[in-house]
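Below is one structure; the comments refer to it alone.
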Amino acid sequence: MVETGIGRRSLGGRSVDTADRVLDAGLAVLREQGYDQLSMREVSRRSGLTHATVYGYFSAKQHLVTELYWRRVQRWCEQPVAGSEPLERLAGVFAELGQLMSEEPELSVAASAAVLSRDPDVARLRTCIGTAMTGRLRRAAGPSCTPEILDALSIAVSGAMIQAGMAYGSYTDMAERLTSVSALLLRG
């Protein structure tokens, strides 16, 4: 796993290995049982850690899922953006995002619900996710992209991801729709 230091209110001297162990157990439970059945008690059992230890790292299942999602998004956002034209770069970014979300469908669906939590730890991660994704969109859209267009692209991505998470279309469809929206926005 990626060392982010974004465990509960930062790791503050706690073990990255233990945080990774909890996250690995949480992802295994999520894959097998889905978000609704995910429980911190089962994560504790799977990780071989006490309930108190698990809650020392993650305040709730929403926090754990959002951290898992953040780590995936962070790795994706750190990848270089390819293409010579803004629309080509954005289409590539959206295709990569669709692929990323499709690779872990249980996590993607769970993240759609978890990131909306009012938990302060989730709120902090939600800000990190939004900031990283907006930065990737900014790099793809290029220096001539206005703040208004970037804002519209960010809103479109958020909405498309929620719709795909609710099964109103696939993540591949999401990427294609976002490319169409981008073409409209870039044309002005």
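What follows draws every value from the coordinates through simple rules; no lab data is involved. All of these numbers come straight from a predicted model, not from anything done at the bench. Cβ atoms come from the backbone with ideal geometry, glycine included; neighbour counts cover every protein chain shown.
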Handout entry: Alpha-carbon centroids, the stretch 74-138 and the stretch 44-73: separation in whole Å
Key = 20
Exercise for the section: Using just the helices of the chain, give the 222 nm mean residue ellipticity in deg cm²/dmol: DSSP H runs with n ≥ 4 each add -39,500 (n - 2.57), and the total is spread over all residues, rounded to 500. Expected result: -23500 deg cm²/dmol
Problem - Dipole of the stretch 73-188, positive end: most advanced residue of Thr134, Ser108, Ser158 [Cβ charges, Cα centre] - result: Thr134
Completion exercise
Quick calc: nm separation of the 7 Å Cα→Cβ label points for Arg187 and Ser144 -> 1.6
Exercise for the section: Quote the convex hull volume per residue of the chain, based on C-alpha atoms, as a whole number of Å³. Expected result: 110
Practice task
Can you pull the one-decimal nm distance between simple spin-label points at Ala52 and Asp151, each 7 Å off the Cα toward Cβ?
Solution key: 4.9
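Return the FRET efficiency for the residue pair Arg41, Asp17: r is the Cβ-Cβ distance, R0 is 22 Å, and the value is rounded to the nearest 0.05.
Working: r = 22 Å, r/R0 = 0.98.
With a Förster radius of 22 Å, E is 0.55.
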